[in-house]
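One structure is given below, encoded as structure tokens.
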Amino acid sequence: MRNPIITLLSDFGTMDYYVASMKGIILRINPRCTLVDLTHQVKPHDIKEGAFILANAYSSFPKGTIHLSVVDPGVGGPRKPILLVTQNYFFVGPDNGLFTLALLGEKVKQVIALTNSKFFLPRISTTFHGRDIFAPVAGHLSLGIKPNAFGNEIDSWSEFFFQKPEVKGGRLEGEIFHIDTFGNLITNISEQTFFHFVKDRPFVIRAGKRVTQGLKKGYWEGRRGEFMALFGSGGFLEISVREGNAQKTLGIKRGDPITVTLTRA
Amino acid sequence: MRNPIITLLSDFGTMDYYVASMKGIILRINPRCTLVDLTHQVKPHDIKEGAFILANAYSSFPKGTIHLSVVDPGVGGPRKPILLVTQNYFFVGPDNGLFTLALLGEKVKQVIALTNSKFFLPRISTTFHGRDIFAPVAGHLSLGIKPNAFGNEIDSWSEFFFQKPEVKGGRLEGEIFHIDTFGNLITNISEQTFFHFVKDRPFVIRAGKRVTQGLKKGYWEGRRGEFMALFGSGGFLEISVREGNAQKTLGIKRGDPITVTLTRA
Amino acid sequence: MRNPIITLLSDFGTMDYYVASMKGIILRINPRCTLVDLTHQVKPHDIKEGAFILANAYSSFPKGTIHLSVVDPGVGGPRKPILLVTQNYFFVGPDNGLFTLALLGEKVKQVIALTNSKFFLPRISTTFHGRDIFAPVAGHLSLGIKPNAFGNEIDSWSEFFFQKPEVKGGRLEGEIFHIDTFGNLITNISEQTFFHFVKDRPFVIRAGKRVTQGLKKGYWEGRRGEFMALFGSGGFLEISVREGNAQKTLGIKRGDPITVTLTRA
């Protein structure tokens with residue numbers, strides 16, 4: 001039988017003991033787990049950034065993978081610890097919107113409020129449910145314990161408002177949704193949305209003070225330092241500078257607008 | 001049989017080949033090991049910070065885990081390479097105080113000076129005992145080789161002076177011992193020490209130029225941006241700013257004082 | 001049978017979903033793999049830095065390890081995806097010079113241009129061959145599929161020009177090839193080259209505005225803050241400041257010269 005896989009995502013950084021504590025607890029419960037970090041460098045308390053990374057990574061993993069995700073500014077407060085069971089995966093973490101984007105692509109079969117303290121650490125801190133609740137639940141889940149054992153089924157889960165691109169005054173208006181390590185600006189405009197709007201007509205794309213025409217097929221098509229638009233590996237419109245840093249070049253931040261305007265042929 | 005677990009802690013960072021080399025050597029000796037990073041981002045040469053992370057993480061792991069810890073400014077010099085065997089764990093690394101805080105919670109059964117070069121790499125550099133001595137010793141230990149095979153038993157090990165909080169002039173005086181990723185200020189005042197001093201009397205807590213009354217149960221009790229005190233996940237008094245960064249807000253550094261003063265009821 | 005080992009090196013950083021996606025894809029193909037990060041913090045697009053890290057880490061791993069390395073500024077363009085088979089290891093990645101330094105120490109047995117799309121993801125993006133081509137090839141390779149199945153054998157691979165130290169005007173002239181986490185300056189002057197030039201004659205070493213005589217055996221021989229030269233764990237001449245940061249002290253950058261000059265006895 002193959003070993004169960006648990007991924008970990010958090011805003012805990014990698015300089016503290018937080019991530020290691022979670023892993024230790026999981027291995028104490030199930031030493032056969034394969035643990036894989038998604039990232040622990042989500043900006044502190046930034047639920048939307050965590051949601052973005054999770055949404056882009058989770059589906060690369062085998063069916064049955066347990067995704068343990070903890071960006072949890074409300075830890076210890078009224079937000080619920082939950083387990084979401086979809087057709088392909090398990091998601092464990094705080095019910096604060098963190099799973100909003102991943103669930104767009106998954107069919108949710110069960111939502112469980114984690115209340116059965118038999119599967120928690122004996123002593124629950126108020127500041128570190130990653131270690132005290134979520135890690136031990138993920139560990140027990142990886143042993144094959146049924147979702148219903150962890151608490152009662154509930155009807156709904158939290159989502160944040162995800163701004164979709166809109167057509168206004170003949171332009172397609174989107175926003176910069178994520179800025180990656182290379183400074184690439186990833187927008188909320190999907191390939192489908194883009195071509196539904198543009199069809200086969202000519203267009204320009206505006207971000208900050210820069211304008212570009214047309215799309216590249218890949219980074220390599222640009223000249224070094226060229227400002228360009230293309231569809232990135234997650235399927236969204238992306239602004240990039242060949243072997244450069246678009247974020248620094250344009251002085252842009254997350255949430256800033258990007259527009260696609262049709263031009264006369 | 002379950003796979004042996006080896007944790008790794010160092011100040012090597014994650015941009016160089018140092019950590020990977022240690023892992024490669026371990027896997028060459030015992031490919032069945034499960035390797036878990038505690039952190040490699042201890043500030044360069046900062047033995048106390050390494051000791052703090054190790055002390056907070058080690059006990060989350062299963063009995064029998066081998067903790068390989070290398071913050072080693074004196075590498076190649078007179079400090080001894082050692083193996084400490086406690087009731088629950090193995091600790092491998094330089095004898096320079098790095099294990100001071102972890103051992104406060106462990107009963108030491110054996111201290112071995114690592115001298116048997118049969119378990120080292122054939123060629124020992126003077127600058128990288130992590131790869132040449134500590135990793136291969138940890139690897140062999142994970143195969144079940146007995147501690148005595150690695151060298152002679154010795155009587156003592158090094159500790160640094162750990163400043164405990166003191167009561168002076170009616171105040172409890174502690175210090176900031178660690179600053180975490182979120183900017184939370186973690187002090188050397190344990191829950192036990194705190195309540196032994198305060199009992200059920202009213203008090204104020206001072207750090208830098210800020211004063212706060214009372215304790216929160218968790219971060220969520222504060223208003224956004226509120227300065228507050230609470231007991232953190234390691235059991236020590238902690239200063240925090242809700243969804244903010246206490247270190248930046250207060251301009252405080254490690255070693256700075258924190259005081260608890262009783263107030264008239 | 002022991003689990004296959006795949007190492008991963010890239011310039012993807014650890015804050016995005018890129019590395020996790022590659023790991024997920026590998027585990028989907030072969031859940032028995034042991035995955036080890038070399039580093040993902042190669043400076044963006046810096047093939048030489050990636051080559052240096054890989055060259056210093058790869059040989060610590062067991063025979064048969066698959067080294068998956070992706071620093072790929074030309075992704076999607078004309079550079080070939082390749083698999084290199086040496087006597088001891090497999091190397092998978094873009095054919096852009098990334099394997100130049102590792103192959104100095106290995107005997108290459110086979111070079112395969114990766115063209116068999118049966119082993120790729122069904123849909124290949126133009127921007128992320130790490131996930132779409134290299135990770136699935138490494139995963140299938142770890143299942144024991146023969147190198148020839150992945151594409152046609154070719155005769156050559158790309159190398160960058162590696163500046164070797166030279167003797168000019170009676171001096172040995174080298175350069176700073178890598179700066180590590182501690183600020184140590186690692187040069188391109190090997191122990192063999194150094195002693196072939198110096199023999200047992202007295203010498204001075206110059207880097208930036210500083211000069212030092214003689215070599216230390218290890219960091220511990222220096223006084224705190226002392227500027228010194230020694231041979232590092234990779235076998236190359238290294239400039240270091242004891243418990244300090246040579247890079248900051250000297251204001252030096254990669255590619256800057258270092259010279260060894262003989263002095264009269």
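The values are calculated or read from the model by the stated rules, or taken from the named source; none is laboratory data. Since the structure is predicted, the reported quantities are computational estimates derived from the model, not experimental observations. Here Cβ is always computed from backbone atoms with ideal geometry, including for glycine, and neighbour counts include all displayed protein chains.
For the reader, a short list of remarks on this structure follows.
- Residues being assigned to a helix (DSSP H, G or I) and touching a His at 6+ places or on another chain (Cβ under 9 Å) - total across the range B:49-71: 7
- Selection status of B:Arg254, part of a loop (DSSP other than H, G, I, E, B), at pLDDT below 95 and farther than 24 Å from B:Ala55 by Cβ: no
- Test: residue in the range B:113-129 that is touching a Cys at 6+ places or on another chain (Cβ under 8 Å), more than 25 Å from B:Gly234 (Cβ to Cβ) and not assigned by TED's automatic domain parsing to the domain that holds B:Asn245: no
- Hits in the range C:105-114 - residues which are loosely packed, with under 14 Cβ neighbours inside 10 Å and assigned to a loop (DSSP other than H, G, I, E, B): C:Lys107
- Residue, farthest from the other protein chains (Cβ to nearest Cβ), within the range B:52-82, restricted to residues that are surrounded by fewer than 24 Cβ atoms within 10 Å (Cβ to Cβ) and under 22 Å from B:Arg2 (Cβ atoms): B:Ile66
- Subset of the range C:72-104 [assigned to a strand (DSSP E or B) and either free of Cβ contacts under 8 Å to residues at least 60 places away in the same chain or in contact with a Gly (Cβ under 6 Å, 6 or more places away or on another chain) (or both)]: C:Pro81, C:Thr86, C:Phe90, C:Phe91, C:Val92, C:Gly93, C:Pro94
- Extreme residue, surrounded by the fewest Cβ atoms within 10 Å (Cβ to Cβ), among residues of the range A:23-39 that are in a helix (DSSP H, G or I) and more than 8 Å from chain B (Cβ to nearest Cβ): A:Ile29
- Among the residues here, A:Thr187 qualifies as of a type in the set (S, T, N, Q) and either touching an Asp or Glu at 6+ places or on another chain (Cβ under 9 Å) or within 11 Å of chain C (Cβ to nearest Cβ) (or both).
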